[in-house]
Amino acid sequence: MKTKLISIVTPSYNQGEFLAATIESVISQAGDFHIDYIIMDGGSTDDSVRIIKKYEWLLQTDEWPVACKGVTLRWSSEKDKGQADAINKGFGLAKGDILGWLNSDDTYLPGAVSTVLERFRAEPDTAMIYGNAWYTGRDGTVTGRYNSEPFDMKRLAARSIICQPTVFLRREALLAVGKLDVSLHTCLDYDLWIRLGMQFGKRITFIEDYLATSRMYADNKTSSQRDRVYHETMLVAKRHFGYVPGVWIVHSILEVIQAPDMSLPAKIGKIARSRLYAFCYLIQPKTLFSVIRFLMSRIAKSCGYANSANP
């Protein structure tokens, strides 16, 4: 096994504001391994290419204090079909048997790669490893903890229990389940976790270590495209589980109802315009039952009768 060579792919498009921090978090990793780092830029029009070239030069001239056995930085800047396409191309170029994917506004924490590779070496049957992560704001300040959980398909159906930048997987596992779905733009990772879970569920390991930061700010994809996030998530859930778990439908509607500074007519209008599709899934008995069960669990919890660990 070439577990001393890890390939990390960073997809990026006009993320110059954050890109330097992302790159530095990769090339600063310390340990007994080599890093094969691949940046797939989608033809940015900001200063992203200049930033990439800067770190390429620092590595080539030994000006950057590499703390591992070596870092090879490869990159391209050309138009692609979106984030999933960029990542797929990057993975196609990767040379390592262990693969990571770090978006251009997230970062690895010190020691992340070393921790993960040691675990892979200790557990050669493990197909995928993920851990804990911190949420950070635009300026990099920690704002909270991502609620990661040990892997369980039932829990994954109800919520995204895996923080994407903490995930590392064996090449063989990715080859077995196939590439990222290029038709998805907001939950491409969720779709991949489900496919991996269905085939390698018992070989997916959660570790308590904090491995990465996930940057959340007003105009990032997850925050600014909430309608699309819920819509794609429900499509993916229906595709893999055969129904839509009620938690997704309820939360998609509650998010609008609980929105501050929005009048009731405006909320009704938003639901009618962008969330009405959620109700269409209720014609399926299993989905309707799931919604009712979830609402009953919330009511019971509010009355003090339910375990707080319920979804």
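Please report the equivalent ellipsoid semi-axes of region 139-241, computed as sqrt(5 x eigenvalue) of the Cα gyration tensor, largest first, in whole Å.
22, 19, 13
Using a Debye calculation, one point per C-alpha and no hydration shell, please list log10 I(q)/I(0) for the chain at q = 0.15 Å⁻¹ in order.
-1.26
Below 12 angstrom from the Cβ of Ala158, what's the summed charge of the other residues (Lys, Arg +1; Asp, Glu -1)? All intermediate terms of the calculation are to be shown ahead of the outcome.
Details: positive: Lys154, Arg155, Arg159, Arg293; negative: Glu149, Asp152.
Neighbourhood net charge equals +2.
Identify, among Leu73, Ser302, Ala176, the residue whose Cα sits farthest towards the positive end of the charge dipole of the chain, taking +1 on the Cβ of Lys and Arg and -1 on the Cβ of Asp and Glu, with the dipole about the Cα centre.
Ser302
Within a Cβ distance under 13 Å of Ser25, other residues only, what is the Lys/Arg minus Asp/Glu net charge? Before the final figure, lay out the partial values.
On the way: positive: Arg215; negative: Glu24, Asp105, Asp106.
Local charge sum for Ser25: -2.
Classify region 3-90 as rounded, prolate or oblate from the Cα gyration tensor: take a ≥ b ≥ c as the square roots of its eigenvalues, call it rounded if a/c is under 1.5, otherwise prolate when a/b beats b/c and oblate if not. Kindly include the intermediate steps, with their values, before the conclusion.
On the way: a/c = 2.31, a/b = 1.45, b/c = 1.59.
In terms of gyration-tensor shape, oblate.
Across region 64-185, how large is the tail of the calculated P(r) beyond 19 Å, expressed as a percent of all Cα pairs?
Details: 4288 of 7381 pairs.
Here the long-distance tail beyond 19 Å is 58 percent of all Cα pairs in region 64-185.
Over region 1-40, what number does the Rg to Rh ratio reach, with both radii from the alpha-carbon atoms and Rh per Kirkwood? If you can, show how the numbers build up before the last one.
Details: Rg = 11.5 Å, Rh = 11.2 Å.
Rg/Rh for region 1-40 comes to 1.03.
What lysines could a cross-link reach from Lys202, if we take a straight Cα to Cα line under 25 Å and drop same-chain neighbours fewer than 8 places away?
Within the straight-line cut-off, Lys202 pairs with Lys2, Lys4, Lys154, Lys179, Lys238.
Could you give me D for region 167-294, from Stokes-Einstein at 4 °C and 1.567 mPa s, where the hydrodynamic radius is the Kirkwood radius over C-alpha pairs? Units µm² s⁻¹, please. Let's see the in-between values first.
Working: Rh = 16.7 Å.
Here the translational diffusion coefficient equals 78 µm²/s.
Using a probe of 1.4 angstrom, how much of the accessible area of the chain is carbon and sulfur, in percent?
Details: 8220 of 14530 Å².
Carbon and sulfur atoms account for 57 percent of the accessible area of the chain.
The values are calculated or read from the model by the stated rules, or taken from the named source; none is laboratory data. Since we're looking at a predicted model, the values are computed, not measured. FYI the Cβ positions are ideal-geometry reconstructions off the backbone, even for glycines, and counts take in every protein chain you see. The area values use the complete protein model at the heavy-atom level, side chains included, leaving out ligands, DNA and RNA. Shrake-Rupley method; radii C 1.70, N 1.55, O 1.52, S 1.80 Å.
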